[in-house]
Amino acid sequence: MHQQSTPAGTSAARGTGAASTTRKNGVAGKPLRILLVEDSPLLRGRLENMISQHAAFKVTGLAAAEAEAIEKLDSVAYDVIVVDVELRPGSGIGVIRQARARNKDHKDGGHVWIIVLTNYDLPTVRERCMQAGADHFLDKMREIDQLIPILLGIAGRKP
């Protein structure tokens, strides 16, 4: 099982099948808006295609670098951020920290979900991501198949 944290003020259960049924946008039936941060064009395209095959999701923003992702935090609508740790240039951990800082006092009280998807599945990297505010941490090579069930859980739908 993956180490997952519960941000302060959030009482939702975590895990593949037990995510919150309350969505940030608060409207049932509307797609879950996803900001995808990945520096590999090949993998970014694969992830966008995988996510876009589900009517429950809509990729609303793409970024390849930390600065670009931080800019998107203020310019696109999103409920979930899927972020890589190693970005060229920059770090996904910086994106996580900025997202948490920007959304800690969100007007509608909604929680922005952050899913780390990385090749660096090391305990120290995992811990740094979770301390920065990530909700889920997945290894790209071994656990990418868990992304859609987690997103479905967040969207309030059964996988």
Could you go through the range 46-62 and let me know if any residue there is more than 23 Å from Leu152 (Cβ to Cβ), in contact (Cβ under 8 Å) with a residue 40 or more places away in the chain and aliphatic (A, V, I, L, M).
no
With the first residue restricted to the range 65-84 and required to be part of a loop (DSSP other than H, G, I, E, B), and the second required to be surrounded by 15 or more Cβ atoms within 10 Å (Cβ to Cβ) and small (Gly, Ala, Ser), Cβ contacts under 8 Å at 6 or more apart or on different chains are Ala65/Gly90; Val76/Gly61; Tyr78/Gly61; Asp79/Gly110; Asp84/Ser40; Asp84/Gly92
Checking Gly109 against (1) at pLDDT below 95; (2) under 16 Å from the mean Cα position of the chain (by Cα), which single condition isn't satisfied?
(2)
Out of the range 27-47, which residues are in contact with a strand residue (DSSP E or B) (Cβ under 8 Å, 6 or more places away or on another chain) and farther than 19 Å from Val112 by Cβ?
Asp39, Arg44
Quick check on my filter: what residues within the range 40-64 are assigned to a helix (DSSP H, G or I) and either within 14 Å of the chain's Cα centre (by Cα) or not polar (S, T, N, Q) (or both)?
Pro41, Leu42, Leu43, Arg44, Gly45, Arg46, Leu47, Glu48, Met50, Ile51
Yes or no: the range 10-18 includes at least one residue that is touching a Pro at 6+ places or on another chain (Cβ under 8 Å), closer than 19 Å to Asp135 by Cβ, assigned to a loop (DSSP other than H, G, I, E, B) and at pLDDT 55 or above.
no
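The values are calculated or read from the model by the stated rules, or taken from the named source; none is laboratory data. None of the values given here were measured: they were computed from a predicted structure. Don't worry about glycine lacking a Cβ; one is built from the backbone with ideal geometry, like all the others, and counts go over all protein chains shown.
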